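Contents: one structure, followed by commentary.
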Amino acid sequence: MTRFAALALLALAAAPLAARESLGVYENWAAFRDASPARCYAIGKAQGKRRAPAYATVSTWPGKGVRGAVHIVLSREVAAKASVRLAVGDKRFTLVAKGRNAWAADARGDAAIVAAMRSASRMSVSGAGFTDRYTLAGAATAIDAATVGCAKR
């Protein structure tokens, strides 16, 4: 796993609900702040009924100097070295994937994906036998709320 995937997965699974503070709900996206480890994130759920929950996050980890890390939990597990593609508006990205997790290969990829998310209305993540679709209404505002929520922390 890359720098963010393991941290994001661990934080989502291990953070007690009491330590999670809502920063707001913005149409189809929401923003939260976790106290320990300190991080803020925007999160959106894939549309429709899924075999397993699928969602996308854009996270800020102040203690690690990370801002705008993209992490996607897929609705299906993918094989090692499987091709997973992200389409955001008219932009296309190849993601690194393992199990049910996918992410950009590096911080530059994260920045390109977030920039595309800010100007598009929809995105989809596809792999062998599945496509998870997201509406991006409220995503830019939720990303901004998460960034501000962890500023000066």
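Looking only at region 110-153, count every residue that is in contact with a strand residue (DSSP E or B) (Cβ under 6 Å, 6 or more places away or on another chain) and without any contact (Cβ under 8 Å) to a residue 12 or more places away in the chain and tell me the total.
1
For region 59-68, state whether one or more residues are surrounded by 19 or more Cβ atoms within 10 Å (Cβ to Cβ), over 14 Å from VAL114 (Cα atoms) and more than 11 Å from the chain's Cα centre (by Cα).
So far as region 59-68 goes, yes, one or more of its residues are surrounded by 19 or more Cβ atoms within 10 Å (Cβ to Cβ), over 14 Å from VAL114 (Cα atoms) and more than 11 Å from the chain's Cα centre (by Cα).
Which one is farthest from THR131 (Cα to Cα) among residues in region 97-118 that are of a type outside the set (A, V, I, L, M) and assigned to a helix (DSSP H, G or I)?
Applying the filter and picking the extreme gives ARG108.
Scan region 86-106 for residues that are open to solvent by 10 Å² or more (accessible area, probe 1.4 Å), of a type in the set (Gly, Ala, Ser) and either free of Cβ contacts under 8 Å to residues at least 40 places away in the same chain or touching a Phe, Trp or Tyr at 6+ places or on another chain (Cβ under 7 Å) (or both) and report the count.
Residues that pass the stated criteria total 4.
Yes or no, residue by residue, for (1) part of a loop (DSSP other than H, G, I, E, B); (2) within 24 Å of SER22 (Cβ to Cβ); (3) of a type in the set (Asp, Glu); (4) modelled with pLDDT of 95 or more:
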{"site": "PRO53", "(1), (2), (3), (4)": "yes, yes, no, no"}
{"site": "VAL58", "(1), (2), (3), (4)": "no, yes, no, yes"}
{"site": "LEU95", "(1), (2), (3), (4)": "no, no, no, yes"}
{"site": "ALA137", "(1), (2), (3), (4)": "yes, yes, no, yes"}
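Got a number for residues in region 135-151 being open to solvent by 30 Å² or more (accessible area, probe 1.4 Å) and among the hydroxyl-bearing types (Ser, Thr, Tyr)?
2
So, in region 8-25, how many residues would count as being open to solvent by 50 Å² or more (accessible area, probe 1.4 Å), at pLDDT below 95 and under 16 Å from the mean Cα position of the chain (by Cα)?
Within region 8-25, residues that are open to solvent by 50 Å² or more (accessible area, probe 1.4 Å), at pLDDT below 95 and under 16 Å from the mean Cα position of the chain (by Cα) number 3.
Give just the number: which of (1) part of a strand (DSSP E or B); (2) over 17 Å from ALA140 (Cβ atoms); (3) in contact (Cβ under 8 Å) with a residue 12 or more places away in the chain does ALA80 not satisfy?
Of the numbered conditions (1) part of a strand (DSSP E or B); (2) over 17 Å from ALA140 (Cβ atoms); (3) in contact (Cβ under 8 Å) with a residue 12 or more places away in the chain, the odd one out for ALA80 is (1).
The values are calculated or read from the model by the stated rules, or taken from the named source; none is laboratory data. Values in this document were obtained by computation on a predicted structure and should not be read as measured data. Positions of Cβ are generated from backbone atoms using ideal geometry, with glycine treated the same way; all protein chains shown enter the neighbour counts. In case anyone asks, the SASA skips ligands and DNA or RNA and just uses the protein heavy atoms, side chains included. Shrake-Rupley method; radii C 1.70, N 1.55, O 1.52, S 1.80 Å.
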